[in-house]
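Asker: Right, I'll just put the structure down here and ask away after.
Please treat every number below as a calculation from the coordinates, not as lab data. These numbers were taken from a predicted model, which means no experiment stands behind them. Every residue, glycine among them, receives a Cβ derived from its backbone with ideal geometry; neighbour counts consider all protein chains shown.
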Amino acid sequence: MSRGAEIPKIQAPRDLKWIGRSTRRVEDPKYLRGLGRYVADLEFPGMLHAAIVRSPHPHARILGIDAEAARQIPGVVAVVTGAEAAELVDPLPDSGPAPDRHVFRVLALDKVRYVGEGVALVIAESRYIAEDARDYVDVDYEPLDPIVDPIAAGQDTSNLVHDALGSNVAYDRTFTFGDVERHFAEADIVVRDRLHWRRGAAMPLDNGGAVGIYDPATGELTIHANSISMTWFAFALAATLRIPSNKFDVISYASGGSFGARFCNWRVLVTAGLASKLTGRPVKYSEDRLDHITNGDQHASDRYYDVELALTRDGIFRSLKTDVIDDYGAYCHLGVGTHGNAMAQVTGAYRIESTVYRVRAVLTNKTQQGAYRGFGAEVANWAIERLVDKAARQLDIDPAEIRRKNFIQPEQFPYHIPTGNMYDSGDYERVLDHALELFGYDHWRAEQARMRADGRRVGIGLVSCQERSVYSATEFWFWYDDPAVQTTSTPEGVKLTADALGNLTVTLHSTPFWGNSSDTMAAMLVAEEFDVDPATVGIEYHGTKGGLPAAGPGGSRLTVMYAGAIRGAATKIKDKARRIAAQQFEADPEDVEWVDGGFQVRGTPDVRKEFGEIAMAAHLFATELPEGLQSGLEASHVYDHPYTTMPSKDRTDLGVFYPCMGHACHIAMVEVDVETGGVKVLRYAAVHDAGTMVNPRSLEGQIIGGTAQGIATALLEELVYDDQGQLLSSSFTDFLMPTAMEVPELDIGHEETPSPITEYGIKGGGEAGRMMAPGAMSAAIDDALVDYGIHVAELPATPERIVRWIGEAGGGAGSAPR
Amino acid sequence: MTASASNAQTLPITVTVNGRAYELALEPRKLLADVLRQDLGLTGLNIGCAHGVCGSCTILLDGETVRSCTLFGVQADGAEITTIEGVAPSFEELHPVQEAFWAQQGLQCGYCTPGMVLRTIELLRENPDPTREQAREAIASNLCRCTGYQFIVDAVIDAAARLRSAAQQEEPDESRS
């Protein structure tokens, strides 16, 4: 479908063989045997190991570095200081607001800006020796006052994270969509909230890692890495490393989880690359947990919201105001893309006529943000759902019913929200009703009343949230009036090859496997096209060198993009095979049809050639091919974003940039212990609509895993900085990821409203669970503590905070602290 | 500050790993996880946190699960170790616990999986018919960041059924022989 084209009517999925069947994942046997090979497992002859000297200070000038003692240690091959690194490589790729004034480097140059920032790199025969030698690198620091509180930092112009910026506010802009002031003036009621979503992180069990291999004979640099390879963008990384882009090859390796943390983690790749370029030997840099937590560029949103919802006395929403301060840490290499993401669905599942969104990106002495499942849109989901719950309570309307009143209706799709983004399709009331039934809402409301009568603090919370999927590149620049480049491509390319026996291999051009079952998705999509078993499909990965354009996983795009790319390549192969078959049948290609893995002449099923027979002819019998065809049976296809439109010049319309819109309703029932502040999940149901499902069991795995992370965001996980800028939660003993005892069993249901703009009607679903659970948990805690008048306005709602809120409420009326 | 690795002394140990005996000369400070991964090439165990919390480095040492990242290699002197590579009976067949994890999609990225599989083997030896709650409690020793644990619990229950049914099939065979 071309950009901005007419949206067709929704096509229900055709009669499908593999799509929609829960299928064992093709990746799994090797991981079950421990033979999966993560990047940390790689060995190369002569390989060296790198360790980073990290800053103990949040903010300090580097007066000097004496590395001589470290260099003398046997087994140490080189020590590279920040100043030396700046001679070897250019700054890292950075799409932040002013990359020349908050320069993002692989090692700090003149001053350190957060605890853990690298100041030097030790390269040695083993990691043990590198870490020994690290202790002998003598860094002379002049400590500066730490900049910790983003509210204060935004006002301060005397103490700056980046002096060249002249401010700690990297970005401040207000976007207005529609007649917000009129809608607020006309409103009967305005509900306000002040919210704080604290800093977390994706925290996969595997850390970032890379092996750089520079070949002095050819000048080529290969980097094996568990980051995204992204041929689409590899030239920028090549430029940083001062290698011609066609002599630069990033080869993807599996990662033990990502959830965003492997998205563009340039520092790891550049560390390994520069170390190898310098020494001429393979060099491995594997983050350890402390490296990852403090210096991995992967903290998540840390936001303070002032939000307002204007509505009629009947509970009809009119307009939404958002004013958000985001503590980005010391750099912002992904710009404010996490807010672009939020604006894809800022008005939620509701008919809201206008909205205003102000964002201030503040820099502080903390590790910078990267991506985490939801990429900032999960926070906006929480904000609007908090407002809706507050409105429901104020108007004494059931939380399910106030949502039902305001849902966008099925016949209104495709629906443009005020920001300009389009929702392709949906049926939100159907999802809500399914969830209420699955949960047993009426029954458990009655049970809740009985339990409360026994003195138990039991609450039920419900949210109905969006999951945008399949991003367009425009969300990374529509922030700026004059962006350097207005990219509009977010492609995904694949190559499909049928060998002489007709066996199929799909070549993926961006994918590291990181738990997202990319191989299975690709194999099932190929299987669907060719009527073979997915287990028989060969999978290979192509590096960035000579690769097809591909942007890789992120924004729940991969399955949709693979479906388009594989469909395209399969069509090319089948068209060629059909012509060969037609020649053999002495029939018109128009009369030759594909049936169950072979070709037949229409109406004469006994005249048939299996695909393998045609493949044999294509490979081995050139003289028998139709005029103009060459030997072989392979095709590449690059699938572009299915539907992008350009933002308006004045940015009162951001265009369509995230159109494949999933939806879910989550309902949680919790019990709160008012003495300890502990929250126990008694019951949890989730109904999702991610369009046509490819592998339901895998999708459910993503939903449950995402929900577990969302519950952890709501209750447990936080990266805590003290007021001196020291990170207090720098290990798994302090950053509390849930065990099996903290995560409930989920009841999962599905609706399938196909997308009208993607192959098979698929939408993305990989981030969904985490985008709903924080809101559902917050609402359930509110409800459990309704006697105290508590409204959860800060996450995580740790036991300590809950006890404090109850205390501040005086054990009676009142509300959570603002 | 101690001397660096290159001039450090080594200690000899003997250890049996996946049924094969090894004589190794180890630097005393070298972690057991690194010995298995680097010296023996058994990279199935993974290092997630390196401080004994996550369990990605779990192995069976004399039949019991331990975290190999918080043991020194020399502490394994005389021990019998099973790593994930030693679990499947052959290249063609998986262990019933591995089969159950595959069938139930009890894994996503695979990083915690070796530890989860070994922990499940240990649990089912002690309790061949656990409830879901018991399974949950047993695997709470190990962190998984992907699955939310539910399908791992499904896999443990499925594995228990597979092992019990295999044991029942073996019994009449044994009585005949």
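Asker: For peptide A:700-708, compute the average count of partner chain beta-carbon atoms within 10 Å of each residue's beta-carbon.
Answerer: Going residue by residue through A:700-708 and averaging, the value is 5.
Asker: Quick one: grab the alpha carbon gyration tensor of segment B:5-86, order the square roots of its eigenvalues as a ≥ b ≥ c, and give me rounded if a/c is under 1.5, else prolate or oblate depending on whether a/b is larger than b/c.
Answerer: Oblate is the answer for segment B:5-86, as a/c is 1.5 or above yet b/c matches or exceeds a/b.
Asker: Still on this model: In what sequence, highest mean first, do A:414-422, A:237-245 appear when ranked by Cβ atoms within 10 angstrom?
Answerer: So the peptides A:414-422, A:237-245, ranked by packing, come out A:414-422, A:237-245.
Asker: What is the distance in Å between the Cα centroid of segment A:596-672 and that of segment A:352-417?
Answerer: Value for the Cα centre distance between the two parts: 34 Å.
Asker: Tell me which aspartates and glutamates have Cα within less than 16 Å of A:Lys576's Cα, excluding those fewer than 8 residues away on the same chain?
Answerer: The reachable aspartates and glutamates, counting only those whose Cα sits under 16 Å from A:Lys576, are A:Asp499, A:Glu529, A:Glu586, A:Asp588, A:Glu590, A:Asp591, A:Glu593, A:Glu610, A:Glu613, A:Glu624, A:Glu627, A:Glu634.
Asker: Which links in A:Lys111/A:Lys277; A:Lys111/A:Lys247; A:Lys321/A:Lys649; A:Lys405/A:Lys763 stretch past 28 Å when you go from one Cα to the other?
Answerer: Correct reply: A:Lys111/A:Lys247.
Asker: Right, something else. Please turn the phi angles of segment A:178-184 into ³J(HN,Hα) values with the Karplus equation 6.51 cos²θ - 1.76 cosθ + 1.60 (θ = phi - 60°), one per residue in order, whole Hz, x for glycine and proline.
Answerer: Going residue by residue, I get x, 8, 4, 4, 5, 5, 6 Hz, with x marking Gly and Pro.
Asker: At R0 = 51 Å, how high is the FRET efficiency between A:Thr312 and A:Glu675 if r is their beta carbon distance? Nearest 0.05 is fine.
Answerer: 0.75
Asker: While we're here: Taking θ as phi - 60°, what are the ³J(HN,Hα) couplings along segment B:59-67 by the Karplus curve (6.51, -1.76, 1.60), each to the nearest whole Hz, with x for Gly and Pro?
Answerer: Going residue by residue, I get 9, 9, 10, 6, x, 10, 5, 9, 9 Hz, with x marking Gly and Pro.
Asker: Kindly provide the helix-only [θ] at 222 nm of chain B, computed as the sum of -39,500 (n - 2.57) over DSSP H runs of four or more divided by all residues, to the nearest 500 deg cm²/dmol?
Answerer: -10500 deg cm²/dmol
Asker: Moving on. Please order A:Trp514, A:Trp197, A:Trp444 by the number of other Cβ within 10 Å, starting at the fewest.
Answerer: A:Trp444, A:Trp197, A:Trp514
Asker: Kindly write out, for segment B:147-152 in residue order, the coupling ³J(HN,Hα) from the Karplus curve 6.51 cos²θ - 1.76 cosθ + 1.60 (θ = phi - 60°), rounded to whole Hz, with x marking Gly and Pro.
Answerer: 8, x, 6, 4, 6, 6
Asker: Something else: Two-decimal Rg/Rh of chain B from alpha-carbon positions, Kirkwood Rh?
Answerer: Using only Cα positions, Rg/Rh for chain B is 1.03.
Asker: Take A:Glu593 and A:Thr571, extend 7 Å from each Cα along the Cα→Cβ direction, and tell me the distance between the two endpoints in nm.
Answerer: For A:Glu593 paired with A:Thr571, the spin-label model returns 1.9 nm.
Asker: While we're on this one: Over the Cα atoms of the protein assembly as shown, what is the Rg over Rh ratio if Rh follows Kirkwood?
Answerer: Using only Cα positions, Rg/Rh for the protein assembly as shown is 0.97.
Asker: Give the long-range amide H neighbours of A:Glu751: residues separated by 5 or more places, or on another chain, with amide H under 5 Å away, using H modelled in the peptide plane at 1.01 Å from N.
Answerer: Under 5 Å from the amide H of A:Glu751: A:His688, A:Asp689, A:Ala690.
Asker: A:Ile228's amide H: which non-local residues (gap 5+, or another chain) put their own amide H closer than 5 Å, with H modeled 1.01 Å from N in plane and none for Pro or chain starts?
Answerer: Residues meeting the amide H criterion: A:Cys264, A:Asn265.
Asker: A follow-up question, please. What number, rounded to the nearest 500 deg cm²/dmol, is the helix-based mean residue ellipticity at 222 nm of chain A, given -39500 (n - 2.57) per DSSP H run of at least four residues and division by all its residues?
Answerer: For chain A, the value works out to -8500 deg cm²/dmol.
Asker: Which of rounded, prolate or oblate describes segment A:383-485 when judged by the alpha-carbon gyration tensor and an a/c cut-off of 1.5?
Answerer: Working: a/c = 2.92, a/b = 2.18, b/c = 1.34.
Taking the square roots of the gyration eigenvalues as a ≥ b ≥ c, segment A:383-485 is prolate.
Asker: Let me ask something else. So what are the three principal axis dimensions of segment A:348-443 from its Cα atoms, in whole Å, longest to shortest?
Answerer: Extents along the principal axes: 50, 32, 26 Å.
Asker: Can you compute the label reach from B:Gln168? Point 7 Å from Cα along the Cβ direction, backbone N cut-off under 14 Å, restricted to segment B:110-143.
Answerer: Counting backbone N atoms under 14 Å from the label point, the list is B:129.
Asker: Using alpha carbon coordinates only, what is the Rg to Rh ratio of segment A:1-131, with Rh defined as the Kirkwood radius? Could the numbers behind the result be given before it?
Answerer: Values: Rg = 24.4 Å, Rh = 19.8 Å.
On the Cα set of segment A:1-131, Rg over Rh gives 1.23.
Asker: Under 5 Å between amide H atoms, partner at least 5 residues away or on a different chain: which partners does A:Gly200 have, H built in plane at 1.01 Å?
Answerer: Counting only residues 5 or more places away or on other chains, the set is A:Ala300, A:Ser301, A:Leu719.
Asker: Given R₀ = 51 Å, what would the calculated FRET efficiency be for A:Gln72 paired with A:Val485, taking r from the Cβ atoms and rounding to 0.05?
Answerer: On the way: r = 47 Å, r/R0 = 0.93.
Between A:Gln72 and A:Val485 the formula returns 0.60.
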